[in-house]
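Asks: Submitted below is the structure of interest, expressed as structure tokens.
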Amino acid sequence: MFQEDFLWGGAIAANQCEGAYLAGGKGLSIADVMPEGIAGPPTSEPTENNLKLVGIDFYHRYKEDLKLFAEMGFKALRMSIAWSRIFPRGDEEEPNEEGLKFYDSVFDECLKYNIEPIVTLSHYETPLYLAQKYNGFLSRETIDYFVHYAETVFERYKGKVKYWLTFNEINSILEEPLLSGGIWKKDVSISERVQAVHHELVASAMAVRAGHRISTQNRIGCMVLALPVYPYTSNPDDVMEAMNIDHKNYLFTDVQVRGEYPYYFKRWCEEREIQLKVQSEDMQILLNHTVDFISFSYYMSICASKSVKADGKGNLVSGLLNPYLESSQWGWQIDPKGLRYALNQMYDRYQKPLLIAENGLGAKDELVMGKDGVPTVEDDYRIDYLREHLRQVEEAIQDGVVVIGYTAWGCIDLVSASTSQLSKRYGFIYVDRNDDGSGSLMRYKKKSFEWYKEVIATNGRNLH
Ligand code: BGP
């Protein structure tokens, strides 16, 4: 049974939906120069083929969109603030009032419908200036700029926003230093990546400290990409390989939740000849300012082997394909039980409340004429995917895991993070925009819209 105040809702990110990339004094972010997402190199300036520059025009249409979310009965909306709307370059002293006002209106509109905003401070949208001048979190300076930004928004939205997440999928920085760490330079060594990890972790803990100081109401969480790893075979070498990948991922939550680098970190660094530069107060900050809850995205599990080479396509990482699982049209393997497993693993290790901040199926949708003469999408495949995953969430709750909410990724179609396409659709709401940028931007309810509305209305009882 889902708890009575379960946070049912959806998730979006500023850079993938807002568009209006220069409106209201916004500065450029790294997303504005990554027209192919992580599939291709960044450009020197924004280019017309970058779908994120217009996104789904949420910046101008948020009222219409929030009304639709409210109609589905959303209790929560996970969204992000575009850092460069508040600090266009990232290193200013004074924030951009117009940017602050925009989010005031968005939060007010959420609260009008009793939708709890869950706000990510940094979701793959580091200000471009900080990326180019400082190589983002590779430099220590960026910690201070981030904390100044966090304090600014904590102060401003005190009383409006209570749930915060610091860095989206913080563990992806090892694989995606630009997207996740704002590191502009090419050829980022493993030492540099780990140094940037440390800076992000310190920045996150300092933000937690500021958030708790500014309001005792604030509940601040971490956000990681959950990726259950199964040994490819029962060969102990494969089991160890799976354990090593797990260790790499748990490094982040261990620091953010327990306040310390895990016991295996020292050897891990030594073997890679990493000499971490740590300032004297860092460890104390990490220890004293841990998160209130854990949130994570979940899309797939992977298999690990010592001897077989990876051929699977992953979200931000790749792993071996599991012969027992089907794949999405984008090659992501569908594993609802993996979600129950991930929830149990995470709870087993930390005993902290868990929020599923992202989960969903990216699929090609076909707009057809509905019975009432309004276009729609018959997305039974999406309903099946979500139902199976939610049933497993319920199983985990029955196991004893404390789950506080579920925000379905891309509750309205938006631009994909990894491939920058619009045709990879996740939404309950279809947005008429195509990969070539054409389309009216009109919104249409898919079949899953009514289904999810019913899930929320029955607090999950209709899943059976
Ligand atoms: C996560 C990101 C999201 C989102 C999602 C789906 O990694 O946090 O921003 O986009 O994955 O990925 P994609 O958009 O590549 O399909």
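A short reminder: the numbers here are calculations on the coordinates, not readings from a lab. Being a predicted model, the structure only gives us computed values, none of them experimental. Please note: Cβ atoms are built from the backbone with ideal geometry, for glycine as well, and neighbour counts cover all protein chains shown.
Asks: Hey, does segment 14-26 have a residue that's within 15 Å of the ligand (Cβ to nearest atom), more than 19 Å from the chain's Cα centre (by Cα) and not in a strand (DSSP E or B)?
Replies: The answer is no, given that none of the residues of segment 14-26 is within 15 Å of the ligand (Cβ to nearest atom), more than 19 Å from the chain's Cα centre (by Cα) and not in a strand (DSSP E or B).
Asks: Also, quick follow-up: Can you pull out the residues in segment 329-374 that are more than 16 Å from the ligand (Cβ to nearest atom) and in a helix (DSSP H, G or I)?
Replies: Those that are more than 16 Å from the ligand (Cβ to nearest atom) and in a helix (DSSP H, G or I): Pro336, Lys337, Arg340, Tyr341, Leu343, Asn344, Gln345, Met346, Tyr347, Asp348, Arg349, Tyr350.
Asks: Could you tell me which of the residues Ala39, Ala31 is outside any loop (DSSP other than H, G, I, E, B) and either over 22 Å from Leu68 (Cβ atoms) or within 16 Å of the ligand (Cβ to nearest atom) (or both)?
Replies: Just a single option satisfies the conditions, and that option is Ala31.
Asks: Across segment 1-48, what is the total count of residues that are without any contact (Cβ under 8 Å) to a residue 40 or more places away in the chain and either closer than 16 Å to Gly182 by Cα or of a type outside the set (S, T, N, Q) (or both)?
Replies: The total comes to 9.
Asks: Checking Glu92 against (1) assigned to a loop (DSSP other than H, G, I, E, B); (2) touching a helix residue (DSSP H, G or I) at 6+ places or on another chain (Cβ under 7 Å): exactly one of these is not met. Which one?
Replies: Answer for Glu92: the failing condition is (2).
Asks: In segment 128-153, which residue that is in contact with a strand residue (DSSP E or B) (Cβ under 8 Å, 6 or more places away or on another chain) and under 23 Å from Glu358 (Cβ atoms) is surrounded by the most Cβ atoms within 10 Å (Cβ to Cβ)?
Replies: Out of the qualifying residues, it is Phe146.
Asks: Looking at segment 372-384, which of its residues are at negative phi and surrounded by fewer than 22 Cβ atoms within 10 Å (Cβ to Cβ)?
Replies: Asp372, Val374, Pro375, Thr376, Glu378, Asp380, Tyr381, Ile383, Asp384
Asks: Considering only residues that are hydrophobic (A, V, I, L, M, F, W, C), touching a strand residue (DSSP E or B) at 6+ places or on another chain (Cβ under 7 Å) and farther than 30 Å from Gln3 by Cα, look in segment 428-464 and name the one that is surrounded by the most Cβ atoms within 10 Å (Cβ to Cβ).
Replies: Only one residue fits best here, namely Val431.
To keep it simple, each residue is scored yes or no on (1) within 25 Å of Phe2 (Cα to Cα); (2) under 22 Å from the mean Cα position of the chain (by Cα).
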residue	(1), (2)
Tyr347	yes, yes
Asn359	yes, yes
Gly362	no, yes
Thr376	no, no
Leu386	yes, yes
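Asks: Report, by residue number, each residue of segment 402-427 that is hydrophobic (A, V, I, L, M, F, W, C), part of a loop (DSSP other than H, G, I, E, B), buried (at least 20 other Cβ atoms within 10 Å of the Cβ) and touching a strand residue (DSSP E or B) at 6+ places or on another chain (Cβ under 7 Å).
Replies: Cys411
Asks: Looking at segment 226-240, can you tell me whether even one residue there is in contact with a helix residue (DSSP H, G or I) (Cβ under 7 Å, 6 or more places away or on another chain), under 20 Å from Ile285 (Cβ atoms) and surrounded by 16 or more Cβ atoms within 10 Å (Cβ to Cβ)?
Replies: The answer is no; no qualifying residue exists.
Asks: Is there a residue being part of a strand (DSSP E or B), more than 29 Å from Val153 (Cα to Cα) and of a type outside the set (D, E, K, R) anywhere in segment 310-324?
Replies: yes
Asks: All but one of (1) touching a helix residue (DSSP H, G or I) at 6+ places or on another chain (Cβ under 7 Å); (2) over 19 Å from Ser295 (Cα atoms); (3) not β-branched (Val, Ile, Thr) hold for Asp372, so report the exception by its number.
Replies: Asp372 satisfies all of (1) touching a helix residue (DSSP H, G or I) at 6+ places or on another chain (Cβ under 7 Å); (2) over 19 Å from Ser295 (Cα atoms); (3) not β-branched (Val, Ile, Thr) except (1).
Asks: In the list Lys185, Lys160, which residue meets the criterion of being among the basic types (Lys, Arg) and touching a Pro at 6+ places or on another chain (Cβ under 8 Å)?
Replies: After applying the criteria, what remains is Lys160.
Asks: While we're on this one: Listed residues Asp57, Asp32, Asp65; which is in contact with a strand residue (DSSP E or B) (Cβ under 8 Å, 6 or more places away or on another chain) and of a type in the set (D, E, K, R)?
Replies: Asp65
Asks: Please name all residue pairs, on different chains or six or more residues apart, with Cβ atoms under 7 Å, provided the first residue is in segment 440-464 and is farther than 15 Å from Ala408 by Cα and without any contact (Cβ under 8 Å) to a residue 60 or more places away in the chain and the second residue is of a type outside the set (Lys, Arg) and surrounded by 16 or more Cβ atoms within 10 Å (Cβ to Cβ).
Replies: Ser440/Asp432; Met442/Asp432; Asn462/Val455
Asks: Give the number of residues within segment 37-50 that are within 19 Å of the chain's Cα centre (by Cα) and surrounded by 17 or more Cβ atoms within 10 Å (Cβ to Cβ).
Replies: Total meeting the criteria: 2.
Asks: Here is a follow-up. Given Tyr230, Tyr263, which one is more than 16 Å from the ligand (Cβ to nearest atom), hydroxyl-bearing (Ser, Thr, Tyr) and part of a strand (DSSP E or B)?
Replies: When all the criteria are applied, what remains is Tyr230.
Asks: Being out of contact with any strand residue (DSSP E or B) (no Cβ under 9 Å at 6 or more places or on another chain) and touching a residue at least 24 places away in the same chain (Cβ under 8 Å) is the filter; apply it to segment 362-386 and report the residue that is nearest to Asn462 (Cα to Cα).
Replies: The qualifying residue nearest to Asn462 (Cα to Cα) is Ile383.
Asks: Right, something else. Would you confirm whether or not segment 177-186 contains a residue that is surrounded by fewer than 23 Cβ atoms within 10 Å (Cβ to Cβ), over 17 Å from the mean Cα position of the chain (by Cα) and without any contact (Cβ under 8 Å) to a residue 12 or more places away in the chain?
Replies: Yes; the residues of segment 177-186 include at least one that is surrounded by fewer than 23 Cβ atoms within 10 Å (Cβ to Cβ), over 17 Å from the mean Cα position of the chain (by Cα) and without any contact (Cβ under 8 Å) to a residue 12 or more places away in the chain.
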